[in-house]
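Report on one structure; see the data block that follows.
Please treat every number below as a calculation from the coordinates, not as lab data. Since we're looking at a predicted model, the values are computed, not measured. Because the Cβ atoms are built from the backbone with ideal geometry, glycine has one as well, and the counts that use them run over all protein chains shown.
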Amino acid sequence: NDAFIDEFSKYVKIAKRCSSANLNECFVSTFKTAGGQNLTTLSDFQTSSDLQTFNNSNPLIGLILLNGTSIIMAYNPNCTPDETQKYNTSIPKTSCMSMVYDTNASKGPNKVGKDILTINATLSECDVRISGLCIAAGDTTYSAINTCDGSPDIAWDPYGSANEWCAANYWAGAKKSCSDQGMRLPTKDELNTIYTNKATISGLNSAAVYWSATELAADRTWVQHFGIGRQYSNGFKYYEESVRCVR
């Protein structure tokens, strides 16, 4: 990210540059998502992967441009092919950079979709935070996907055809839906945390069974019944259970 910003600064006039440790000096410390939920830059954005576009643990960089625009930026190193791939035109250049930017610096309303905008970045809404866990505002809708061998969606359930219901895999579809929002399915223990704190979390279905990301075998995973609180080991992946994404 630092090397990319060094090059970026040759083309754009930069008034100030901040490391991930002091992003608040370049960006408003608290702003709202489009749905009105608060996001805090220091807790939500530290590494490139926090922008939810690519997996990169490099620290983020903050910038203030001469025109007053403030930016949190990351570079995708996978956009740089090695020597054998230097003429490869299949790498999408539009995905090489991710940023969250504020068009009027610290002035209001500091809200996504208004003065806070994004390029190749996802800002997921949190209904509540519990022990650092961001819990999405509302359950997620999703569809079954095909994760059989040879399917492009097999990455969402690498067991492939070892799962006899791979052609209609609701659990994998739930994982994909959470990922599309820059979030993920909770682990078995995180799901129980959501259950035990359900009184503080809006929109949970108290009679529903919820998916966890913790697998048991090729065809099943842990689930939790929010009516009685018990966790079960027979969450077959062809079931269509409820989903609450986390980050």
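At-a-glance table
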read-out	value
Under 28 Å from K16, Cα to Cα: lysines that are on another chain or at least 8 residues apart	K32, K93, K107, K111, K114
In sequence order, calculated HN-Hα J values of segment 95-101 (Karplus, 6.51, -1.76, 1.60; Hz; x Gly/Pro)	9, 6, 10, 10, 8, 10, 9
Sites E25 and D2 - FRET efficiency at Förster radius 22 Å, r taken between beta-carbons, to 0.05	0.85
Theoretical FRET efficiency, 1/(1+(r/R0)^6), r = Cβ-Cβ of F236 and N197, R0 30 Å, to 0.05	0.65
Where labels lie 7 Å past Cα in the beta-carbon direction, separation of I119 and T47 in nm	2.4
The chain shape via C-alpha gyration tensor axes, a/c threshold 1.5	oblate
Segment A218-S95, length gained on full extension (0.36 nm per residue, minus Cα span)	41.0 nm
Residues A162 and A208, FRET efficiency given R0 of 25 Å [Cβ-Cβ distance, rounded to 0.05]	0.35
Mean separation of Cα contacts under 8 Å, 6 or more apart, over the residue count of the chain: relative contact order %	15
Label-point separation in nm, R184 to K107, each point 7 Å along Cα→Cβ	4.0
